[in-house]
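Worksheet for the structure shown next.
Coordinate-derived values only; no laboratory data. Worth saying up front: this structure is predicted, and the values here are computed from it rather than measured. As a convention, Cβ positions derive from the backbone with ideal geometry for all residues, glycine included, and neighbour counts pool all protein chains shown.
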Amino acid sequence: MPQLPDVPLEGLYGDLVMEHYRSPHNRAPLIDADIEAEEFNPFCGDRTILQLKLDVRGRVCGVSARSEGCSIIQAATSMLSDVLRGKSLGEVEELGARFRASMYGRAGDDDDMEGLGDLLALQVVRRYPVRIKCALLPLTALEEGIKAYRAKTR
């Protein structure tokens, strides 16, 4: 199992989290989104809104990701949005499962971390278990959005 990097939150990984927090990616709303989802954590006020546009092959060709709340939710939303473009919904779900497993320390090997991009920087959040939910809220929104989309298009 991959080891958690021995880097303090304010170190290298913290810098990447803060970069995404200060300059989040993919914030412009999509007018004609195929998938839309919003999740809200009433206990802390974190909110995330994700929109995806799919091309004719069913691959993500447009992403909008907005969030409000702590630096972790905002960075996680931005980081997640960066790894979605070009993937099929199945690939998105598989990537999400790997990210979720990694956040709970259940990743099997380095192959399980492949394709997670900047999301790997959130591994440091595992040291603060109460904050894992912040890092996973955008993924939860994404999963719910895909589920609703599939129910609607059946």
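General observations
- Which labelled figure in (1) 0.99; (2) 2.07; (3) 1.13 is Cα Rg over 2.2 N^0.38 Å, once derived from the coordinates: (1)
- Between 0 and 90 degrees, the angle of helix 132-153 with respect to the longest Cα principal axis of the chain falls at about 20 degrees.
- Backbone geometry of segment 27-37 corresponds, through the Karplus equation with coefficients 6.51, -1.76 and 1.60 at θ = phi - 60°, to 3J(HN,Hα) couplings of 7, 5, x, 9, 6, 10, 5, 7, 10, 9, 8 Hz, x marking Gly and Pro.
- Residue among Asp46, Asp55, Asp118 with the largest mean-square fluctuation in a Gaussian network model of the chain, springs linking Cα atoms under 10 Å: Asp55
- If R0 equals 35 Å, the separation of the Cβ atoms of Ser23 and Arg106 corresponds to a calculated FRET efficiency of about 0.70.
- Nearest-ten-degree value, helix 71-82 long axis tilted from longest Cα axis of the chain: 50
- Amide H contacts under 5 Å for Gly62, placed H, 5+ residues apart: Lys53
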